[in-house]
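Step one of this worksheet: look at the structure below.
The values are calculated or read from the model by the stated rules, or taken from the named source; none is laboratory data. This is a predicted model, so every value here is computed, not measured. FYI the Cβ positions are ideal-geometry reconstructions off the backbone, even for glycines, and counts take in every protein chain you see. In case anyone asks, the SASA skips ligands and DNA or RNA and just uses the protein heavy atoms, side chains included. Shrake-Rupley method; radii C 1.70, N 1.55, O 1.52, S 1.80 Å.
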Amino acid sequence: MPTRSPAPPAPDLFGAPVALPGRRLTAQLTQTLIADGPGFATRAVAELAVTLEGIEGDRHAGFARRADTRVPWYPRGAPIRNSRQLSLVAPDELAEIARRLGVPAVEPEWIGANLMIAGVPDLTGLPPGTRLHFTGGAALVVEGANAPCRHAGAAIAAATGNSAAEVDFAKVAKGLRGLVAWVERAGPLTAGTEVSLRIPTQRLWGG
C-alpha cells in the first residue's frame, strides 16, 4: 500500500504557510556559572542572581554593550543594546564538540558559558524568541545561536593540551555552540532546578 505524503502545513490568516507550531518543553538547569574574574572563563556557583541587566557581577552584564565583529553594520565600539547577557550550552552538544576535536571533554567554564541546560534536543537550534522560565520566577529570551570563536578554541587548547583545538573549534562547533539570551524577568537561577521552555510558532517567510 503506498505511503501518503504528509499534509502541507495549514496557512495562517494571511495565507502564509505555518512551518512549525509553538511547543512547550521541560528541561533541567544542571549548572550555573559566572564570569567574575579577569579572563574569558566562567566558574560554577550554586545560584546566580539575575536582574534585567543580566547576571550580577558577571562581565557581560549591562543594558548596553559595545559593537564588535558580530555586528559589522555598526561602528566598532558603538553602544548597542545588550542582547548577549547570558550564554547557554547543552551537555550533549559539548560532548559532540569534544568528540569532533578528539579531546576527552569540553567543559562549559572553558568556553565562558553561564548555564548548562540538559534535556532539550538541538538546544543550539532553538529559534530566536524562545522563552525559558526558571524556578523562582526568572525568565530569559533567546536572541540566537552563539557563533564559535577562536577565544573559546584557545581556552580548550590550553585546558586539554590539544593545540589544534584553537583553530578547529570554530569549524567543528558550528550549530553546537549554544545560545545567547537576555533577561526578560529578574530572579534567581539555581542549579538542579527545572526549566520550562516556550518555543514560538515558526513561520516560513516567503518575502
Accessible solvent surface per residue of the chain, calculated while the other protein chains remain in place, 1.4 angstrom probe, Å²: 54 Å²
Neighbours of A164 by Cβ distance under 14 Å: Lys/Arg at +1, Asp/Glu at -1, summed charge +1
For the chain, size of Cβ-based charge dipole, Lys and Arg +1, Asp and Glu -1, in debye: 640 debye
The chain, accessible surface, carbon-and-sulfur percent (1.4 angstrom probe): 56 percent
Dipole of the chain, positive direction: furthest Cα of L140, A191, A158, with charges on the beta-carbon: L140
Given the alpha-carbon gyration tensor of the chain, what are the semi-axes of its equivalent ellipsoid in whole angstrom, ordered largest first, with each equal to the square root of 5 times an eigenvalue? 29, 22, 19
If the viscosity is 1.002 mPa s and the temperature 20 °C, what translational diffusion coefficient in µm²/s does Stokes-Einstein give for the stretch 101-186 when Rh comes from Kirkwood over Cα pairs? 154 µm²/s
